[in-house]
Amino acid sequence: MRAAAFDYHAPSSLDEAVGLLAEHGDDARVLAGGQSLVPAMNSRLARPGHVIDINRIAHAERPHVSAGRLRIPPLMRHVDFDTLAVDGPLGPLMRDVTRHISHLPIRLRGTFCGSVANADPASEWCLATTVLGAEMIARSARRGVRNVLAKAFYESIMTTALADDEMLVEVQIPLLSPFVRYGFHKIARRSGDYGLALCLVVYERDEDEMVKVRVGLGGVEAVPRRLGAVEELLERRQPSRRLFREAADLAAEIADPLVTADGDEAYQRDLTRAVVTRALDRSLEG
Amino acid sequence: MSRNIRITMEVNGEDRTIVVEARTTLADALREGCHLTGTKTGCEDGVCGACTVLVDGEPIRSCLMFAVQAHGRAVRTVESLSDGITLHPLQVAFHEHHAVGCGYCTPGLLMLTLGALERSPEIDEDEIQRVVAANSCRCTDAHAVVKAVRAAQTAMRAGRE
Amino acid sequence: MKHVGRSHPRLGDTPFLTGKAGFVGDIALVDQLHMRVVRSPIAFGRLRGIDAAAAFAVPGLVAVWTAEDVAALPPVGFRLAAAPTLEPYCQPVLAVDVVRYVGEPVAVVFATTATAAEDAAELVALDIDLLAPVLTLTGSSRGFEGETRPAEAATVRKAFGDLAGAMARADRVVEVSVGLDRDGAVPGETRGVVARWDGGRDVIEIWGDARLAPANRDALATMLGRPLAGVEINAVAVGGDFGMRGELYPEDVLVAYAARTLERPVRWIEDRREHLIAADQARAMAATAKAAVAADGRLLALDVEFAIDQGAYLRPTGTMVADLTAAMLPGPYRLEAFRAVGRVRMTNRTPAGAYRGAGRVEATFVRERLMDAVAAATGSPPLEVRRRSFLTPEEMPADRHMTTLGVPMTIDSGRYQSLIDQLTKRFSLELVHRRAIDRRAHGELAGVGTAVFVETSAAGKYEHVTLSVDPSGNLELVTTASELGQGLSTLLAQIVADIVGADPERIRVTHGASTRLGDGVGTFLARSSVMAGTAAQYAAELMRDKILAGAEALLEVPRERLTIHSGRIREADRHFGTALELADLARKMLPGGPLAGADGRGLVTEGWVEGEGMTFPYGVAVAVAEIDAMTGLVRVPRVFIGYDVGNAINPALVESQIATGAVQGLSSALFTSLDVSPAGEPLRVGLTDYLIPSATESPSVDVLITEDAPSLTNPLGMKGAGTAGVTGIGAAVAAAIDEALQVPGFTTHLPVRPVAIRNLLRKRSGKSERG
């Protein structure tokens, strides 16, 4: 398995990178961590004529916080979230999530923005960005910069709102209030596998009640999605096992599952129920 | 900007300059360009980990990195572990704990666990197991590998003191 | 110091630890060509044409071959059990007119780089008319449009006793229908072979797996129309074999033929996708089994019909898997009557061959599932049902009144109940059972399952080794058997070390090179340690005699008073003083010299062993299963295996073989299968789809090795251990799952699909909600 031939470009700036994208359009792919793109190229499922390696762009690895948002640059690796320090619960949440991503060698190379742009339905980061209301900053040489909300960004399996000449140059995630609780759960066959189902739950505690409830489901449908009806059910209610079961049942009912080689529709609904229950349960731990 | 590229990387402490195609993976460049065949390929999908090497000290899949990306970087392969006389503590531990099966995955496991221990010398047994789980193998007892890495960890600690 | 019985760390690890070991992919010859196979993307179809014109535009392309170009080559034949009726099922090296599975070689390209070969191969266009594929054993019995060969390639029948009478006398007849899905060995290294024609010597030199070097050399020489001396197979390090590798494949023949025809070295290394669609697969079978049970719960008879999904062609192993499956069905039980009918059925799937535990895994699963059904039907504990019907030590050796692989089956020795008792005690299995009961009482789905199995090894024929001492005092043992990572070299060195009185580190074991082989067969059916071990023992005994005879003459001390330790010969009662070094002796005993020994050859001896029947080791596998009720995912945290190896030359190596075998068995039970789409397209084409259990999914495996029933077939009493780990796991896991679910007989097929478990639990909770 060897990739089809391509021209290699190693721009040293974002300007140069988007310039190359403008020039080569849909015949070019951006190479960040390469942990999804290179396997696809090795098996020739992907065969771009031009590869734009952004790894030599300076200052694209460290995140920073401004205006109440965590701003994640294009070369921040999964493993960098292990030591992410930001105010409030967002840091622990991201640390929790990143631990579930694949294995050490992949986490050392793979990038956050790469995962987002790859839009795998079972990607941890695609789910997290959806639930956390992230904004994706897309940049093209001709049209400059635009912001796309997560829910508009993921269009279908491995397909995003990015145009052929656009590059994902940053993802911004609003910091979380100190009152936020969260629960993340992933169901997988083996440690480090892509999840069969993932769920991230985020809410604030107001006295005994849950408010601003956000429940996101990944892996089951074509794109990660917030389950509005489940959020409504939980909003302004006191957490309880019984309520969580009710919410999980509702999630299972309203999910629109993909059918895979390993699971029919009923099974996918079962997984949804399980993953939502466990993410909700987890939100009460710690 | 071309399809054939001259690159220079430091391999096991020595600068190597080779010409590769842009599409040549680091794994192939090491094996074919540098004649260091200790690094194996088993899937070219990044899953099996037989090709794991250290790039700038980090254990990565050399089948998922194009050789051009290693230009100017420091690469360490299994061949660097021993001077031919003394074995590295990890190599000794793998031998003593029956952690070598057919030996095909061994170089990858060695470089994976070396990289993990160099990053985090004090990782616990659970964490070691998770690290080892990154590479697949059909004929080595994974628990023997974990035990070997634990033993090597102790030996490496003693060596530092 | 005695070496046999010690857990000596493996000899020869260093090259693997340092990256120096030479696997086939590490060989690069000057001026070599790279072969790439163009494979059928269609499961069944008529091959209308092949257009390779576009491929010739690729720089570096040297040749493209289709069936016409290799018309001189016959199909790949049989290593075992050839029969004229089977010939229509042999695979042509390149497809002729018809393609019969996705992955079948249709054309090959040769280019100066591997990349160019890949670039060219994907430009070879195939024109194929689709036909309706037959993909399952239960599929339409029509199908195979236009095929002249019957869909059932062979039928294996084995029987003894009065089956009808036993059935009539039975208190009850218990029946199960069970099966296994396709799986495969899927080792770390894919297949590969390198060949070069040495025009100076007119020899085709081949590097690759040499597990069956003599047979493959003979087969290749015949196919290529050469004398045997015109083909040499050289052993290389092998990244996992498990029975899948080593058998002659079409690709091997193509590489050898190309090396001669193109007069350039040719190298072929398959990629992982090719491996998963084109290397031998195994296991797929379905069976209906009946047990006649007496009123006191004892087994009277077994009646089993099974079918094996052979895929599109027969492999060199012929009908071996079906034969062994049938023969191993009775297992450890006493039977008055037995009948097995095994059907070797063709499908449009990848050809099936042998895979670690071939026939025994299948037979054990069928039989032990049936025994659990008997337990459920009679309301008896599963272990009690088994105990009642075990052959007892007093009944050994027990004639099974049938043959397998042409050898009469006599179970040489066995203490089955004792092994279960020892395993139970050693690992406090009572407690393990009680814990599962407790957990079920708390609403968890946990269970424990047990399977008892009989293995077979040392099938076959003969084995030959040569042992020599060189003038530096180092020993070399040359054997046909292969080191495949199982530690064979270490075992053989330990055996020789004890007898000759040398350190194992100074014994080099050379294996597999056809150029240096005497007569031998190779490695299969867990036979190496037994056959080569016995041959090594004989050679070592002769060597000891020779050494002592030489020393007697030199030292003028009667040999009865001499001992050999660590390569030093001295008087037994004198710990100090002069000793004769083996090296000195070897120099003085050089061939032709005055002390060259009776045969004049110096310190060279040979060991020859002829198959004295098979040996039948046995074991017990116990698995703990935990089921996640919400997802149907099964976890097996612990496995216990008891195994009687007759004589454990190196206990740690045996344990390691068993532990890794157990994980492979677990893999087939829970994680891995080689599924296809309704059109016959493989769905598991990479290691992201084919889920090999990792360190986190591997259970802790506790192994008890006993030496209670030494084999009577060889002086050391050895029995093989290479397949022991894998054989019982599937059946044990199935039983554990049934117990966890409290549904006897639920698990009829492996791998267990989480979907199936959820379907059951959903139905159950639906009922309880309504009720």
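The values are calculated or read from the model by the stated rules, or taken from the named source; none is laboratory data. None of the values given here were measured: they were computed from a predicted structure. Virtual Cβ from ideal backbone geometry, glycine too; neighbours counted across all protein chains shown. Each accessible area value is taken on the protein alone, full model and side chains, heavy atoms only, with ligands, DNA and RNA left out. Shrake-Rupley method; radii C 1.70, N 1.55, O 1.52, S 1.80 Å.
Worth pointing out:
- Dipole magnitude (debye, nearest 20) for the stretch A:64-174, charges at Cβ of Lys, Arg, Asp, Glu: 180
- Each Lys and Arg adds +1 at its Cβ and each Asp and Glu adds -1 at its Cβ; summed about the Cα centre, the protein assembly as shown shows a dipole of about 1500 debye.
- Expressed as a whole percent, the accessible area of the stretch A:64-174 that falls on carbon and sulfur atoms is 48 (1.4 Å probe).
- The lysines whose alpha-carbon is closer than 23 Å to the alpha-carbon of C:LYS2, local same-chain residues fewer than 8 away aside, are C:LYS546, C:LYS719.
- Point-to-point label distance, C:GLU145-B:THR86, nm (Cα→Cβ direction, 7 Å offset): 7.2
- Placing unit charges on the Cβ atoms of the charged side chains and taking the dipole of the stretch A:77-217 about its Cα centre, the candidate lying farthest along the positive direction among A:SER191, A:SER123, A:ALA161 is A:SER191.
- Between the helical axis of A:241-254 and the longest alpha-carbon principal axis of chain A there is an angle of about 50 degrees.
- Our analysis of chain A gives Rg over Rh at 0.98, with the two radii drawn from alpha carbon positions and Rh computed by the Kirkwood formula.
- Computed from protein heavy atoms with a 1.4 Å probe, the total accessible area buried between A and C is close to 2200 Å².
- Axis angle, to the nearest 10 degrees, between helix A:90-99 and the longest C-alpha principal axis of chain A: 70 degrees.
- Each Lys or Arg adds one and each Asp or Glu takes one away; over the other residues whose Cβ falls under 12 Å from the Cβ of C:ASP309, this sums to +1.
- The chymotrypsin sites (Phe, Trp or Tyr not before Pro) of the stretch C:80-160 include none that DSSP puts in a loop with a beta carbon having at most 12 other beta carbons within 10 Å.
- Carbon/sulfur fraction of accessible area - the stretch A:180-282, other protein chains in place, 1.4 Å, %: 42
- Taking Cβ atoms as reference points and 12 Å as the exclusive limit, the residues near A:ASP27 contribute a net charge of -3, counting Lys and Arg as +1 and Asp and Glu as -1.
- Peptides C:397-406, B:59-68, C:747-756, C:491-500 ordered by average Cβ neighbours within 10 Å, highest first: B:59-68, C:491-500, C:747-756, C:397-406
- With both labels modelled 7 Å from their Cα along Cα-to-Cβ, the C:THR403 to C:ALA82 distance reads 1.8 nm.
- Cα gyration tensor category, rounded, prolate or oblate, for chain C with a/c compared to 1.5: oblate
- Those lysines that a straight Cα-Cα span of less than 29 Å connects to C:LYS20, excepting residues fewer than 8 apart in one chain: B:LYS40, B:LYS147
- Nearby lysines by direct alpha-carbon distance to C:LYS158 (threshold 18 angstrom, same-chain neighbours under 8 apart not counted): C:LYS290
- Once the 1.4 Å probe is applied to the protein heavy atoms, the protein assembly as shown comes out at 36 Å² accessible per residue.
- Dividing the helix sum by the residues of the protein assembly as shown, where each DSSP H run of 4 or more adds -39500 (n - 2.57), gives a mean residue ellipticity at 222 nm of -8500 deg cm²/dmol.
- Sulfur and carbon atoms: percent of accessible area, chain C [1.4 Å]: 52
- Taking 7 Å steps out from each Cα toward its Cβ at C:LEU29 and C:SER418 produces label points 5.4 nm apart.
- Using a Förster distance of 41 Å, the FRET efficiency for A:THR159-C:GLN742 (Cβ separation, nearest 0.05): 0.35
- Comparing A:GLY133, A:GLY91, A:GLY144 in a Gaussian network model of chain A, where Cα atoms under 10 Å apart are tied by springs, the biggest mean-square fluctuation is seen for A:GLY144.
- Here is the interface size for B with A: some 2800 Å² of accessible area buried, both sides summed, with a 1.4 Å probe.
- Around the Cα centre of the stretch A:150-233, unit charges on the Cβ atoms of Lys, Arg, Asp and Glu (plus for the first two, minus for the last two) sum to a dipole of about 420 debye.
- Of the DSSP H helices in chain B, those whose Cα atoms cover at least 15 Å axially and whose Kyte score averages -1.0 or more: B:106-119, B:142-160
- A dipole drawn for the stretch A:180-282 from +1 and -1 charges on Cβ atoms has a positive end, and of A:LEU250, A:TYR182, A:VAL276 the residue lying farthest that way is A:TYR182.
- Occluded residues from the stretch C:1-49, i.e. those whose accessible area drops by 40 Å² or more once the chain is not alone (1.4 Å probe): C:PRO9, C:ARG10, C:ASP13, C:PHE16, C:LEU17, C:THR18, C:GLY19, C:PHE23, C:ASP26
- Helices meeting the span-like rule in chain C (full DSSP H runs, Cα extent of at least 27 Å along the helix axis, mean Kyte-Doolittle score of -0.5 or higher): C:528-555.
- Top of A:VAL259, A:VAL201, A:VAL131 by mean-square fluctuation, Gaussian network on chain A, Cα under 10 Å: A:VAL259
- When every Cα-Cα distance of the stretch A:157-286 is counted in 10 angstrom steps from zero, the calculated P(r) takes the values 12, 40, 31, 15, 2 percent.
- Distance from the Cα centroid of the stretch C:311-387 to that of the stretch A:106-172 is 53 Å (rounded to whole angstrom).
- Across the options B:THR106, B:GLN129, B:THR154, the greatest Cα extent toward the positive end of the charge dipole of the stretch B:89-160 (unit charges at beta carbon of Lys, Arg, Asp, Glu) belongs to B:THR106.
- Accessible area buried by the pairing of B and C, both sides summed with a 1.4 Å probe, works out to roughly 3400 Å².
- If you take all other residues with their beta carbon under 9 Å from the beta carbon of C:ARG635, and give Lys and Arg +1 and Asp and Glu -1, the sum is -3.
- DSSP-loop trypsin sites (Lys or Arg not before Pro) across the stretch C:77-148, with at most 11 other Cβ within 10 angstrom: C:ARG142
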